[in-house]
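Each value in this text was obtained by applying a stated rule to the coordinates, not by laboratory testing. Here the structure is a predicted model, which means the values were calculated and not measured. FYI the Cβ positions are ideal-geometry reconstructions off the backbone, even for glycines, and counts take in every protein chain you see.
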Amino acid sequence: MSGNVESSAARLGIFGKYAYAWITLAFFIGSFALHWYFGWQAYVDEARQHGSSPEVNEYLITMGRDTFENWQSEFLQLLWQVVGLAYFLYLGSPSSKENDDRLEAKIDALLRMKGDEGAKVVEQLDEKFMRHGGHAQPHGHRG
């Protein structure tokens, strides 16, 4: 089935291959345009309430400041969540490794129960996956 989806996407060229990106871009441009349009309407209304005429330069500065202030807040938060969490997962923080370590420790123990044959398998796997410096133990347990 995935072959059919890929061939359909390939027939559509860059639009099919990157459909998600194009849809996201369309949502971005649409929301950006609507944000600035309704911002202009609110700016004109507020200027009239104060008895002055709206000025485009002042509006562009105000909307630019508000837009980038919002983006800074949102992008920094998202960047920290995505990049920061991916980094800590890569490092192997205790909260991201706990279940893997526990599972690996159990499998190592089961293999060792097979005696020399099991120990040999553990050694081969350690060599294959370049694991050095001991084996995992469940968190909170010593020994």
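Could you sort the peptides 45-56, 116-127 by per-residue average Cβ neighbour count (10 Å cutoff), highest mean leading?
Ranking the peptides 45-56, 116-127 by packing returns 116-127, 45-56.
In nanometres, what is the gap between the two model label sites at A33 and M130, each 7 Å from Cα along Cα-to-Cβ?
The answer from the label model is 5.0 nm.
At 7 Å along the Cα-to-beta-carbon direction for both A109 and E55, put a label point, then send me their distance in nm to one decimal.
Here the answer is 7.5 nm between the modelled labels.
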